[in-house]
Amino acid sequence: MSSPPHIAGLPGKAAALDRRAEEIEPRGAEVLRAVADAYRQVVAIYASDPTLNRCPAGRERDLDLALEIGRQIPYIVRQALEGREPERWPIEDRWAEAEAMAARLPEILDRARAAARPDHATPDGSRAISAMWLRAAASQIEFAGLEILRAIDRARSLPHPAPGAEDLAALARVIITSAEVLRAEREAAQP
């Protein structure tokens with residue numbers, strides 16, 4: 001497993017933000033440095049747990065949120081620095097928005113770090129992630145079992161179906177039952 005492709009460019013983006021922060025007023029510099037630091041933390045979190053990449057259970061959502069906030073902040077800072085004052089979004093409001101967004105990043109990254117499984121390659125960690133992914137796929141698993149039943153329905157409806165038809169029906173019932181157990185486990189695990 002590897003980090004998502006869009007993560008590869010984050011160290012360069014962080015360095016560019018650090019350079020830009022050296023050129024602008026302190027208020028903007030502080031916000032841009034917060035984004036640069038967030039980018040470095042996102043890279044570190046993905047490095048600690050590559051199973052976050054396209055996680056079927058959605059554990060990477062906070063990382064995506066941090067990246068989206070990080071993407072927006074430099075534009076808001078640039079608009080604030082340009083000093084044009086449209087009536088609908090005053091400059092001070094832009095600064096306040098950029099600072100509020102940057103202030104959210106530590107909490108978001110803390111949640112992302114808590115969702116990461118640095119033990120992903122250990123037997124216990126790997127099994128826990130595998131079980132989480134199975135619970136996340138419960139609906140798809142159930143659908144697969146139902147599709148098997150639909151596919152063999154006509155073959156089973158004859159007075160003397162082929163032995164394989166009943167074997168497949170039994171397998172489909174095991175799949176559907178397993179999916180129901182997984183769904184119940186997922187619901188029990190939700191707060």
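The values are calculated or read from the model by the stated rules, or taken from the named source; none is laboratory data. Just so you know, these numbers come straight off a predicted model, no measurement behind them. Methodologically, a virtual Cβ is constructed for each residue, glycine included, from the backbone with ideal geometry; neighbour enumeration extends over all protein chains shown.
Restricting attention to segment 2-45, which residues are at pLDDT below 95 and under 15 Å from the mean Cα position of the chain (by Cα)? Across segment 2-45, the qualifying residues are S2, S3, P4, P5, H6, I7.
Do we have A80 as in the same structural domain as T51 (by TED's automatic domain parsing) and in contact (Cβ under 8 Å) with a residue 40 or more places away in the chain here?
Against the criterion (in the same structural domain as T51 (by TED's automatic domain parsing) and in contact (Cβ under 8 Å) with a residue 40 or more places away in the chain), A80 qualifies.
Condition check ((1) surrounded by 14 or more Cβ atoms within 10 Å (Cβ to Cβ); (2) acidic (D, E)) across all residues:
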site: E82; (1), (2): no, yes
site: E92; (1), (2): no, yes
site: A96; (1), (2): no, no
site: M101; (1), (2): yes, no
site: E107; (1), (2): no, yes
site: R111; (1), (2): yes, no
site: A151; (1), (2): no, no
site: G164; (1), (2): no, no
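Within segment 167-179, does at least one residue satisfy the condition of being in contact with a helix residue (DSSP H, G or I) (Cβ under 7 Å, 6 or more places away or on another chain), outside the structural domain of T51 (by TED's automatic domain parsing) and of a type in the set (S, T, N, Q)? Scanning segment 167-179 turns up at least one residue that is in contact with a helix residue (DSSP H, G or I) (Cβ under 7 Å, 6 or more places away or on another chain), outside the structural domain of T51 (by TED's automatic domain parsing) and of a type in the set (S, T, N, Q). Restricting the first member to segment 104-133 and to residues that are in contact (Cβ under 8 Å) with a residue 24 or more places away in the chain, and the second to residues that are of a type in the set (S, T, Y), the beta-carbon pairs closer than 7 Å and six or more apart or on different chains are A116/S48; R117/T51; P118/S48; H120/T51; H120/S126; I129/T51.
Within segment 21-33, residues that are closer than 10 Å to A98 by Cα and assigned by TED's automatic domain parsing to the domain that holds P74 have Cβ atoms under 6 Å from residues that are among the basic types (K, R) and surrounded by 15 or more Cβ atoms within 10 Å (Cβ to Cβ) in these pairs: L32/R20, counting only partners at least 6 apart in sequence or on another chain. Scanning segment 147-191 for residues that are out of contact with any Lys or Arg (no Cβ under 8 Å at 6 or more places or on another chain), assigned to a helix (DSSP H, G or I), of a type outside the set (D, E, K, R) and within 25 Å of G58 (Cα to Cα) yields I175, I176, T177, S178, A179, V181, A184, A188. Taken together, A80, A36, A96, A102 contain a single residue that is in contact with a Leu (Cβ under 9 Å, 6 or more places away or on another chain), in a helix (DSSP H, G or I) and farther than 25 Å from P5 by Cβ, which is A102. Test G58 against the stated conditions and say whether it is touching a residue at least 40 places away in the same chain (Cβ under 8 Å), of a type outside the set (D, E, K, R) and exposed (fewer than 14 other Cβ atoms within 10 Å of the Cβ). Taking the combined requirement at face value, the residue satisfies it. Considering (1) touching a His at 6+ places or on another chain (Cβ under 8 Å); (2) hydrophobic (A, V, I, L, M, F, W, C); (3) within 30 Å of L81 (Cα to Cα), the lone condition that I129 does not fulfil carries the number (3). For segment 127-139, the criterion of a residue being surrounded by 15 or more Cβ atoms within 10 Å (Cβ to Cβ), over 15 Å from G58 (Cα atoms) and small (G, A, S) is satisfied by no position.
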